[in-house]
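Enquirer: Let me begin by handing over the structure; questions about it come next.
The values are calculated or read from the model by the stated rules, or taken from the named source; none is laboratory data. Model, not experiment: these values are computed from the prediction. Cβ coordinates were reconstructed from backbone atoms using ideal geometry, including for glycine residues, and neighbour counts include every protein chain displayed. Remember, those area values only see protein heavy atoms, side chains included, never the ligands or the DNA or RNA. Shrake-Rupley method; radii C 1.70, N 1.55, O 1.52, S 1.80 Å.
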Amino acid sequence: MAPRVRFAPSPTGHLHVGGARTALFNWLFARRLGGVFVLRIEDTDAERSSEDMIDGILDGLRWLGLDWDEGPKVGGPCAPYFQSGRLDRHRAMAEQLVRQGSAYYCYCTNDTLKAKRDAAQRARGAAAPGASDPSAWRYDRSCCALTAEEIISRERDGLPRAIRFRVPEGTTRFDDLVHGPIEFDGANIEDFVLLRSDGHPTYQLSVVSDDVEMKITHVVRGDDHISNTPKQILLYRAVGAEVPRFAHVPLILGPDKKRLSKRHGATSVTEYARQGYLPEAMFNFLALLGWSPGDDRELFTRDSLVAAFSLEGISGGNAVFNPEKLDWFNQQHLMRLATGELAVRLKTSFEGAGLWSDSYLADRRAWFLAVLELLKPRAKRLDDFVVQGGFFFSDTIEYDSAAVDTHLRAAGVEDHLAALDAALTALETFDPASTEAALRAVAEARGVKAASLIHAARVAVTGRSASPGLFEVLALLGRARVHARLVAASRLLSPSPS
Ligand code: GLU
């Protein structure tokens, strides 16, 4: 049977790389087996959820190309499901559980519960000093023991009440697809709340109600939900629904082996988009964070990942986020990106730097693509084309002062450049081979090393000490610009007239 999986983010923060990876694993699994990928925004915490966060999550998923298959549709692609629109169904499930005796009304107030918890803590503290652990107190089921008359009288008095699940005795086991068999003793699970006294469903209730209704067959999510799983399994059983398979994906750690956080740099997917990473690279990188194809392949396209993915390949150990590896993936995917497509994707970075011209995709396209081809091997991110190649797209050159000091402010350089300018101006054709021959001839005639003249010319026309091959650069800049820059450089070197 084709699987049905879901990604269920709470929109209380950005789309963190950990969340994106969970979404990716779900998506790959669904696509691999021809299943269905559902997106459910768990926005029931109205105070902590926000529209901005929802937009950020959707943008991040779209950027990665993680399209979802179901949801309300008004023309166009489907919207995600929003959990906040489903609260009545969750409440109905809780009431159903009360009717069938699997859950009960609890009239205990917060004050009563707190007093009991404190008393238990004091007693434990007296018995074993230092061993106080408030979480060790579990609800004492006092409301589970109420008689029918007692319940009727409380209802008549309109007392606020929560609904608690009656946790059955015995062990709850499941076979996690990542971690293997896991079991929890019911004696350690409190009768947890399903519906709060203000009518608000808890996470345990909402998630199971939705997963049952959406017929989810595999729950693939973060490790931090392992302790919720036995409660959810008990709920599935109580409502007579088939229990899905679970795959709990380990944490992502920073290079220092601590939980990945802002201290390690950007953690939100859209931030990486802004920094000029390719979605293909992020996709590939995230897929290999904790998953392996079982061999040493690393570079994958989306399609080859779909073909290779299986939940069994997810490792039980924590994955380490290595930013240098992400750069490597980005470089590899940049190299593989068709230059015409790269040109389109660069528009935003170029616009940001004030360097864009629509002619780059029209009459100057051939030139633009040739420049990109030249810059590609050195670029790690989209922004690098602007930073490393800005001199192609603007005549306002920023000279690197160290490069100027090293390569231009040496004895005789000004005259050498003037001679080079004359030689280049006289060329019939202005291509890499002829500019190279001209430069070498000038160097020889003037008794300087060709390498020194190459360095000086590079700084003069690019402002930088590193660039792609000088002769390709000259040819693509064109005769007029090269001349103007050689003249400008010699002005830079001449002492200003006083
Ligand atoms: N909304 C939950 C979260 O963001 C996920 C729930 C689940 O996957 O079961 O942690």
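Enquirer: Name every residue in the range 220-235 that is of a type in the set (S, T, N, Q) and more than 11 Å from the ligand (Cβ to nearest atom), in order of residue number.
Expert: Applying the first criterion (of a type in the set (S, T, N, Q)) to the range 220-235 yields 227-229, 232.
Listed by number, the list holds a single entry, Ser227.
Enquirer: Also, I was wondering about something else. Conditions first: (1) in a loop (DSSP other than H, G, I, E, B); (2) free of Cβ contacts under 8 Å to residues at least 40 places away in the same chain. Thr112 passes all but one, so which condition is the exception?
Expert: Among (1) in a loop (DSSP other than H, G, I, E, B); (2) free of Cβ contacts under 8 Å to residues at least 40 places away in the same chain, Thr112 violates only (1).
Enquirer: What number of residues in the range 404-416 are open to solvent by 40 Å² or more (accessible area, probe 1.4 Å) and touching a Gly at 6+ places or on another chain (Cβ under 9 Å)? Spell out the reasoning first.
Expert: Step one: of the range 404-416, the residues open to solvent by 40 Å² or more (accessible area, probe 1.4 Å) are 405-407, 409-411, 414-415.
Of the ones still in play, those that are also touching a Gly at 6+ places or on another chain (Cβ under 9 Å) are none.
So the count comes out to 0.
Enquirer: Can you find a residue in the range 253-267 that is surrounded by fewer than 18 Cβ atoms within 10 Å (Cβ to Cβ) and at pLDDT 95 or above?
Expert: Looking for residues that are surrounded by fewer than 18 Cβ atoms within 10 Å (Cβ to Cβ) and at pLDDT 95 or above, one finds none in the range 253-267, hence no.
Enquirer: Hey, could you check the range 426-440 for residues that are assigned to a helix (DSSP H, G or I) and hydroxyl-bearing (Ser, Thr, Tyr) and say which is least open to solvent (accessible area, probe 1.4 Å)?
Expert: Thr435
Enquirer: Separate question: Take the range 333-354 and flag every residue that is open to solvent by less than 60 Å² (accessible area, probe 1.4 Å) and farther than 20 Å from Trp63 by Cβ.
Expert: Thr339, Gly340, Ala353
Enquirer: Here's something else I'd like to know. So which of Leu474, Leu486 ends up being within 40 Å of the chain's Cα centre (by Cα) and under 12 Å from Asp421 (Cα atoms)?
Expert: Among Leu474, Leu486, only Leu474 is within 40 Å of the chain's Cα centre (by Cα) and under 12 Å from Asp421 (Cα atoms).
Enquirer: So if I check each of Ala423, Ala445, which one is of a type outside the set (S, T, N, Q), exposed (fewer than 13 other Cβ atoms within 10 Å of the Cβ) and at pLDDT 95 or above?
Expert: Ala445
Enquirer: Name the residues in the range 76-95 that are of a type in the set (D, E, K, R) and open to solvent by 60 Å² or more (accessible area, probe 1.4 Å), would you?
Expert: Of all residues in the range 76-95, those of a type in the set (D, E, K, R) come to 86, 88-89, 91, 95.
The answer is Asp88, Arg89, Arg91.
Enquirer: Across the range 441-488, what is the total count of residues that are of a type in the set (Val, Ile, Thr), in a helix (DSSP H, G or I) and farther than 19 Å from Ser394 by Cβ?
Expert: Looking only at the range 441-488, we keep the residues that are of a type in the set (Val, Ile, Thr), and these are 442, 448, 454, 459, 461-462, 473, 482, 487.
Then drop every residue that is not in a helix (DSSP H, G or I), which leaves 442, 454, 459, 461-462, 473, 482, 487.
Subset that is farther than 19 Å from Ser394 by Cβ: 442, 454.
Selection size over the range 441-488: 2.
Enquirer: Moving to a separate point now. Please find, among Arg86, Arg99, Arg117, Arg141, the residue that is under 39 Å from the mean Cα position of the chain (by Cα) and closer than 26 Å to Val207 by Cβ.
Expert: Of Arg86, Arg99, Arg117, Arg141, the one residue that is under 39 Å from the mean Cα position of the chain (by Cα) and closer than 26 Å to Val207 by Cβ is Arg86.
Enquirer: Of these, Tyr272, Tyr277, which one is among the aromatic types (Phe, Trp, Tyr), assigned to a helix (DSSP H, G or I) and under 20 Å from the mean Cα position of the chain (by Cα)?
Expert: Result: Tyr272 is the single residue among Tyr272, Tyr277 that is among the aromatic types (Phe, Trp, Tyr), assigned to a helix (DSSP H, G or I) and under 20 Å from the mean Cα position of the chain (by Cα).
This table checks each residue for (1) of a type in the set (Asp, Glu); (2) under 30 Å from Ala343 (Cα atoms).
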position	(1), (2)
Asp256	yes, no
Gln275	no, yes
Ile314	no, no
Lys325	no, yes
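Enquirer: List the pairs whose first member sits in the range 367-392 and is over 13 Å from Gly276 (Cβ atoms), whose second member is at pLDDT 95 or above and part of a loop (DSSP other than H, G, I, E, B), and whose Cβ atoms are under 6 Å apart, counting only residues at least 6 apart or on separate chains?
Expert: Final answer for the pair search is Leu374/Pro468; Phe391/Gly463.
Enquirer: Among the listed residues Leu58, Leu64, Leu28, which satisfies the condition of being more than 12 Å from the ligand (Cβ to nearest atom), under 14 Å from the mean Cα position of the chain (by Cα) and under 19 Å from Phe309 (Cα atoms)?
Expert: Leu64 is the lone residue from the list that is more than 12 Å from the ligand (Cβ to nearest atom), under 14 Å from the mean Cα position of the chain (by Cα) and under 19 Å from Phe309 (Cα atoms).
Enquirer: Turning to a different aspect of this structure: For the range 280-323, name all the residues that are of a type in the set (D, E, K, R), without any contact (Cβ under 8 Å) to a residue 60 or more places away in the chain and either outside any loop (DSSP other than H, G, I, E, B) or on the phi > 0 side of the Ramachandran plot (or both).
Expert: Glu280, Asp303, listed by residue number.
Enquirer: Only one residue in Ser401, Ser357 is exposed (fewer than 15 other Cβ atoms within 10 Å of the Cβ), under 40 Å from the mean Cα position of the chain (by Cα), small (Gly, Ala, Ser) and within 20 Å of Gly478 (Cβ to Cβ). Which one?
Expert: Checking each option against the conditions leaves just Ser357.
Enquirer: Then there's this: Do we find that Ala46 is within 20 Å of Asp211 (Cα to Cα), out of contact with any Pro (no Cβ under 8 Å at 6 or more places or on another chain) and either more than 12 Å from the ligand (Cβ to nearest atom) or open to solvent by less than 20 Å² (accessible area, probe 1.4 Å) (or both) in this structure? Show your work before the answer.
Expert: Working: within 20 Å of Asp211 (Cα to Cα): no; out of contact with any Pro (no Cβ under 8 Å at 6 or more places or on another chain): yes; either more than 12 Å from the ligand (Cβ to nearest atom) or open to solvent by less than 20 Å² (accessible area, probe 1.4 Å) (or both): yes.
No: the conditions fail for Ala46.
Enquirer: Could you please find all residues in the range 1-19 being within 12 Å of the ligand (Cβ to nearest atom), in contact with a Leu (Cβ under 9 Å, 6 or more places away or on another chain) and either hydrophobic (A, V, I, L, M, F, W, C) or on the phi > 0 side of the Ramachandran plot (or both)?
Expert: Matches in the range 1-19: Phe7, Ala8, Leu15.
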